[in-house]
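This report concerns only the one structure given below.
The values are calculated or read from the model by the stated rules, or taken from the named source; none is laboratory data. Nothing here was measured: the structure is a model prediction, and the numbers come from that model. Because the Cβ atoms are built from the backbone with ideal geometry, glycine has one as well, and the counts that use them run over all protein chains shown. All accessible areas refer to the heavy atoms of the entire protein, side chains included, with ligands and DNA or RNA removed. Shrake-Rupley method; radii C 1.70, N 1.55, O 1.52, S 1.80 Å.
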Amino acid sequence: MNTTSVFGAVHLGYIVVETNRFTDWRRFGTDAIGMHRDDLSRDLMRFRIDEHACRFLLQRGPAEDVTAIGWHIDDHASFDQIEARIRAHGVPVVRGSDEEAALRGVERLLRFPGPKGIAQEIYTTPLIADEPLRMLSSGWVTGDAGMGHVAITSTKPALMRSYYNTVFDARLTDYIDETISGVKIKIRFLRVNERHHSIAIAAVRGLPIDPIRTRVQHLNIQTAALDDLAQSYERVCELGFDMALSVGRHTNDKELSYYARTPSGFEWEIGWNPIVIDESTWEPSTHQGISIWGHKPVGQTIVDRLDQFRVGARSLLRVENTVPALSGTGLPDSLDQTYTASVPGRHSQRRASGSRTPPWLGLCPPSPRTRRKS
């Protein structure tokens with residue numbers, strides 16, 4: 001089997017969401033976040049953020065969760081190599097139908113099992129939309145770095161990390177250690193190209209619990225302009241959607257961002273100007289705390305905290321799907337040589353010009369949770 005690395009040929013391409021809350025999602029994606037929307041039918045809707053025909057596919061169903069992650073593979077040789085790896089480990093693969101590929105706006109679609117029951121899909125060619133973009137945002141950053149990232153909570157982080165290393169040659173970028181309400185959390189950030197991370201894996205340290213109901217904790221997309229971030233923040237507040245975390249700047253990738261809560265319950269991060277990895281000089285490190293400043297919880301009550309404890313307790317009764325054939329024995333954190341990052345700018349990195357961040361944007365007031373029927 002060919003052992004050439006596919007690192008750099010893999011890019012986050014699209015997300016599939018199953019939901020019955022189409023009315024709320026139309027308002028959230030179009031009017032709040034500012035994406036282009038295509039209504040395909042009563043049960044199908046797509047969002048675009050660039051020339052690709054589909055970046056988010058919403059299908060009607062009860063899950064209220066992400067059901068599949070699509071990965072754009074640069075060339076047929078890399079695609080074939082990934083497929084061969086999966087088959088060599090005895091994991092079943094399924095060719096996507098022409099209809100499934102058309103809905104996702106791609107060619108040569110392949111599906112295989114992923115951690116936590118999230119299907120992983122790979123494709124070679126994205127279809128380019130004929131219709132020009134109609135959206136409130138001036139633009140989003142995609143290209144060679146893919147379209148953003150996915151953050152997942154796990155009770156088996158070493159196995160999940162090993163899965164993405166086996167399939168995509170994912171590399172460790174860095175760690176974050178954080179304490180929230182006395183609970184210690186460790187987050188592992190994995191990259192498959194120059195983007196700081198395309199997958200983040202968070203786990204409670206010392207306890208095999210998962211406090212998040214949904215398979216993913218949040219999705220991220222990156223604005224091209226700071227004004228787009230600010231204006232979408234205002235729209236989220238004005239339209240009455242829940243704000244999960246206020247504007248802040250992360251310690252590791254230095255991204256300025258905020259987190260809104262989607263109609264399905266998982267969070268949606270809008271970010272601006274994260275660092276870009278220089279592979280020739282980058283060294284993994286451990287950062288203390290998620291944020292340099294900001295990212296304060298908005299409107300969280302004791303009831304919300306109790307709900308998370310209940311979800312965490314129930315997770316003890318579930319067996320997390322790790323796809324053992326691809327995750328193997330795992331990649332433990334003890335194998336990594338890292339240092340504790342304490343001086344901003346210590347790593348080699350590239351940033352866009354004009355990246356000075358103004359001290360602005362406070363908390364938007366807590367909004368009542370919407371319970372609209374679709």
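Listed values, structure above:
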read-out: Every residue from region 248-301 that is farther than 16 Å from Leu190 by Cα and of a type in the set (A, V, I, L, M); value: Leu256, Ala260, Ile270, Ile292, Val298
read-out: Cβ-Cβ under 7 Å pairs, at least 6 apart or on other chains, region 219-238 side touching a residue at least 24 places away in the same chain (Cβ under 8 Å), far side in a helix (DSSP H, G or I) and open to solvent by less than 10 Å² (accessible area, probe 1.4 Å); value: Thr223/Leu229; Ser232/Ala32; Ser232/Ile33; Arg235/Ala32; Val236/Ala32
read-out: Considering residues of region 234-261 that are open to solvent by 10 Å² or more (accessible area, probe 1.4 Å) and among the hydroxyl-bearing types (Ser, Thr, Tyr) only, the residue farthest from the chain's Cα centre (by Cα); value: Thr251
read-out: Thr262 at pLDDT 95 or above and closer than 20 Å to Val192 by Cα; value: no
read-out: Segments classed as strands (runs of 3 or more DSSP E), wholly inside region 1-119, with at least 2 members that are open to solvent by less than 10 Å² (accessible area, probe 1.4 Å); value: 10-19, 44-48, 56-60, 65-73, 110-112
read-out: Qualifying residue in region 171-192 (condition: open to solvent by 20 Å² or more (accessible area, probe 1.4 Å), among the hydroxyl-bearing types (Ser, Thr, Tyr), farther than 18 Å from Leu256 by Cα and in contact with a Leu (Cβ under 9 Å, 6 or more places away or on another chain)); value: no
read-out: Residue list for region 262-272, filter: open to solvent by less than 10 Å² (accessible area, probe 1.4 Å) and either on the phi > 0 side of the Ramachandran plot or more than 14 Å from the chain's Cα centre (by Cα) (or both); value: Ser264
read-out: Failed item in (1) out of contact with any Leu (no Cβ under 8 Å at 6 or more places or on another chain); (2) aliphatic (A, V, I, L, M); (3) at pLDDT 95 or above; (4) open to solvent by 10 Å² or more (accessible area, probe 1.4 Å), with Leu306 passing the rest; value: (3)
read-out: Filter result for the condition that a residue is at pLDDT 95 or above, part of a strand (DSSP E or B) and farther than 17 Å from Phe189 by Cβ, over Leu245, Leu229; value: Leu245
read-out: Qualifying residue in region 281-292 (condition: under 24 Å from Ala224 (Cβ atoms) and either within 15 Å of the chain's Cα centre (by Cα) or surrounded by fewer than 16 Cβ atoms within 10 Å (Cβ to Cβ) (or both)); value: no
read-out: Selection count, region 207-221, where residues are open to solvent by 20 Å² or more (accessible area, probe 1.4 Å) and either of a type outside the set (Val, Ile, Thr) or within 19 Å of the chain's Cα centre (by Cα) (or both); value: 7
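Per-residue answers, yes or no, for (1) aliphatic (A, V, I, L, M); (2) out of contact with any Lys or Arg (no Cβ under 6 Å at 6 or more places or on another chain); (3) open to solvent by 20 Å² or more (accessible area, probe 1.4 Å); (4) within 29 Å of Arg27 (Cβ to Cβ):
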| position | (1), (2), (3), (4) |
| --- | --- |
| Ala129 | yes, yes, yes, yes |
| Leu136 | yes, yes, yes, yes |
| Thr166 | no, yes, yes, no |
| Thr223 | no, yes, no, yes |
